[in-house]
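The values are calculated or read from the model by the stated rules, or taken from the named source; none is laboratory data. All values derive from a computational prediction rather than experimental measurement. Note that we place each Cβ from the backbone using ideal geometry, even for glycine, and neighbour counts take in every protein chain shown. Heavy atoms of the whole protein, side chains included, go into the accessibility calculation; ligands, DNA and RNA do not. Shrake-Rupley method; radii C 1.70, N 1.55, O 1.52, S 1.80 Å.
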Amino acid sequence: DSGVTQTPKHLITATGQRVTLRCSPRSGDLSVYWYQQSLDQGLQFLIQYYNGEERAKGNILERFSAQQFPDLHSELNLSSLELGDSALYFCASSSLLGTGTSLSGANVLTFGAGSRLTVL
Amino acid sequence: SQQGEEDPQALSIQEGENATMNCSYKTSINNLQWYRQNSGRGLVHLILIRSNEREKHSGRLRVTLDTSKKSSSLLITASRAADTASYFCATLDTGFQKLVFGTGTRLLVSP
């Protein structure tokens, strides 16, 4: 157990629907990251939050949104689902905001077990 | 788009042999990390090497970094069947906080 909890583990839904994936970071970690892993796109960074604020954005579609709550858990909302959204969605956490240009600190991520989304 | 690309895409070896996988990246980095992923599971951090380091060891793992060539290699010595997994390099660029993953190498270690 990595300490990062993701629910649900598996989700099957239909095109056009909306789902919410939930992540509880490891105790003490303030940063939460969301990644999408599919066979054809590999592991894609979606978005990062630090202590409730959005800090970095990657290849996240407009149909997707996320937030981090005061208790530091995070939710990833996926709407108007398409077949191509079927993937493993990973949440990861770290204790650091990020190091920017500094060599001090290291942004090592702890991953959850993932939520497997199947869109039919 | 992916920052790093691993080579080879797949590697099949026998127990006891060494496994070497390579990673190339495109931009300046703060550090480079290697992660392992067992089939369908979450990624697990293995080792980190900073941009001012050239080599690092951890148990049976040896990582090298050549910033002039923008490349890194991961060597697993005396491999075991339990090492069967996908291995990803990840780079933390100097401008942003996000960690960007490569395409991965699938390693199969046969008993």
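Residue count for segment B:30-86, restricted to those that are closer than 25 Å to A:Phe90 by Cβ and of a type in the set (Val, Ile, Thr): 6.
When A:Gly42 is tested against (1) in contact with a Ser or Thr (Cβ under 6 Å, 6 or more places away or on another chain); (2) open to solvent by less than 10 Å² (accessible area, probe 1.4 Å); (3) not basic (Lys, Arg), just one condition goes unmet, and that condition is (2). Is it true that B:Thr84 is within 12 Å of the chain's Cα centre (by Cα), surrounded by 15 or more Cβ atoms within 10 Å (Cβ to Cβ) and touching a residue at least 12 places away in the same chain (Cβ under 8 Å)? So B:Thr84 fails the test. Annotation: of all residues in segment A:1-36 being open to solvent by less than 50 Å² (accessible area, probe 1.4 Å) and among the β-branched types (Val, Ile, Thr), the one that is farthest from A:Leu61 (Cα to Cα) is A:Val4.
Kindly establish whether B:Glu6 is acidic (Asp, Glu), touching a residue at least 24 places away in the same chain (Cβ under 8 Å) and in contact with a Cys (Cβ under 6 Å, 6 or more places away or on another chain).
Considered against the rule, which asks whether it is acidic (Asp, Glu), touching a residue at least 24 places away in the same chain (Cβ under 8 Å) and in contact with a Cys (Cβ under 6 Å, 6 or more places away or on another chain), B:Glu6 comes out as yes.
Can you spot a residue in segment B:17-24 that is within 14 Å of chain A (Cβ to nearest Cβ) and open to solvent by less than 50 Å² (accessible area, probe 1.4 Å)? The answer is yes; a qualifying residue exists.
Only one of the numbered conditions (1) exposed (fewer than 13 other Cβ atoms within 10 Å of the Cβ); (2) more than 12 Å from chain B (Cβ to nearest Cβ); (3) free of Cβ contacts under 8 Å to residues at least 60 places away in the same chain is not met by A:Gln68, and that is (1).
Taking the numbered list (1) part of a loop (DSSP other than H, G, I, E, B); (2) within 14 Å of another protein chain (Cβ to nearest Cβ); (3) not aliphatic (A, V, I, L, M) in turn, A:Gln6 passes all entries but (1). Taking every residue in segment A:1-21 that is touching a residue at least 40 places away in the same chain (Cβ under 8 Å) and pairing it with any residue that is exposed (fewer than 12 other Cβ atoms within 10 Å of the Cβ), at least 6 positions away or on another chain, the pairs with Cβ-Cβ distances below 7 Å are A:Gly3/A:Ser27; A:Ile12/A:Leu120; A:Ala14/A:Leu120; A:Thr15/A:Leu83. Cβ-Cβ contacts under 9 Å between residues 6 or more apart (or on different chains), taken from a first residue in segment B:12-31 that is part of a strand (DSSP E or B) to a second residue that is aliphatic (A, V, I, L, M) and open to solvent by 50 Å² or more (accessible area, probe 1.4 Å), are listed as B:Ser12/B:Leu108; B:Ile13/B:Leu108; B:Asn30/A:Leu103; B:Asn31/A:Leu103.
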